[in-house]
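Accompanying notes for the structure given below.
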Amino acid sequence: LAYEAGTSRSNMINRILAEYAQMATPEQRVRDIFSSIEEAVRRQNALQLMLGASDAMLSMRSALRYKYNPSMRYVVELYPHSAEALGELRASLRTQNAALLLAIGQFYKLWSGLECVYLQGAPRRSETQGGRYARRLLLPQQELDSERAGQAIAGYVALFDACLKTYFEHLNDAGGALRAVEGCYRAGLDAETAAL
């Protein structure tokens, strides 16, 4: 059964016991959140789900309008047993193009600045390195059910992607890019996404 479900034997035993006792395990919550993210992503056109998801990670990608249409890859990793964070979003762009790496680095800095200004509560921890960005997703103060948590995460990734594309549309105008990205961010930010 574990092999057919693509999981470990211990995880399969947890599933069986949880079903028998009618309780949701942390792993079941992760699967439910991922199902909600997948459903939200399928309803829009910008992001595409990638194959090869694991029990704790889900991957998506999106094409950027830049010289050769590079793909931005997003990985959502959830922490089923953490009391501090819901998980982490990692965004990466595989390229050796120096101009593109510079532009993506500037966007990451702009994004982090917008989050410092617009998000209340504890500062959000993020890291950038080369074409990579990683950001912890906080556990919201008011616990969200799995469906709403998945929608909030999908909304966050979609907002990040929309702002990134807006930035690249205005790449030749630094002031215009800042205003356009800030407008996109403010328009797309909702309470549940802001809580992450």
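The values are calculated or read from the model by the stated rules, or taken from the named source; none is laboratory data. Here the structure is a predicted model, which means the values were calculated and not measured. For neighbour counting, all protein chains shown are included, and Cβ atoms are generated from backbone atoms with ideal geometry for every residue, glycine included. When the accessible area is computed, the model is the full protein with side chains, heavy atoms only, and any ligands, DNA or RNA have been set aside. Shrake-Rupley method; radii C 1.70, N 1.55, O 1.52, S 1.80 Å.
Surface analysis of the chain yields an accessible area of 59 Å² per residue, using protein heavy atoms and a 1.4 Å probe.
Sparse packing (at most 12 other Cβ atoms within 10 Å of the Cβ) combined with a DSSP loop state is found for the following GluC sites (Glu not before Pro) in the stretch 64-149: 84, 143.
Share of the stretch 1-135's accessible area from carbon and sulfur, percent, 1.4 Å?
Numbers: 4390 of 8580 Å².
Roughly 51 percent, rounded to a whole number.
Ranked by the mean number of other Cβ atoms within 10 Å of their residues, highest first, the peptides 66-73, 42-49 fall in the order 66-73, 42-49. From helices alone, the chain scores -16000 deg cm²/dmol at 222 nm; the rule is -39500 (n - 2.57) for each run of n ≥ 4 DSSP H residues, then divide by the residue total. Positive contributions from Lys and Arg (+1) and negative ones from Asp and Glu (-1), summed over other residues with Cβ under 13 Å from the Cβ of residue 151, come out at -4.
Rounded to a whole number, what is D in µm²/s for the stretch 33-180 from Stokes-Einstein with the Kirkwood radius over alpha-carbon pairs (10 °C, 1.306 mPa s)?
Translational diffusion coefficient: 99 µm²/s.
Gain on full extension, evaluated as 0.36 nm per residue between residue 45 and residue 106 minus their Cα-Cα distance, stands at 19.4 nm.
Note on the chain: with a GNM built from Cα contacts shorter than 10 Å, the maximum mean-square fluctuation among 163, 184, 116 falls on 116. You can think of it this way: the chain between residue 56 and residue 187 has 44.1 nm of extra reach, that is 0.36 nm per residue less the Cα-Cα gap. Kindly point out which whole DSSP H helices in the chain project their C-alpha atoms 27 angstrom or further along the helix axis while averaging a Kyte-Doolittle hydropathy of -0.5 or above. Correct list, ordered by number: 98-118, 146-169. Placing R0 at 30 angstrom, the Cβ-Cβ distance between residue 179 and residue 32 gives a FRET efficiency of 0.20 after rounding to 0.05. Classified by the C-alpha gyration tensor, the stretch 62-128 has an oblate form. Its axis ratio a/c, with a ≥ b ≥ c, is 1.5 or above, and a/b does not exceed b/c.
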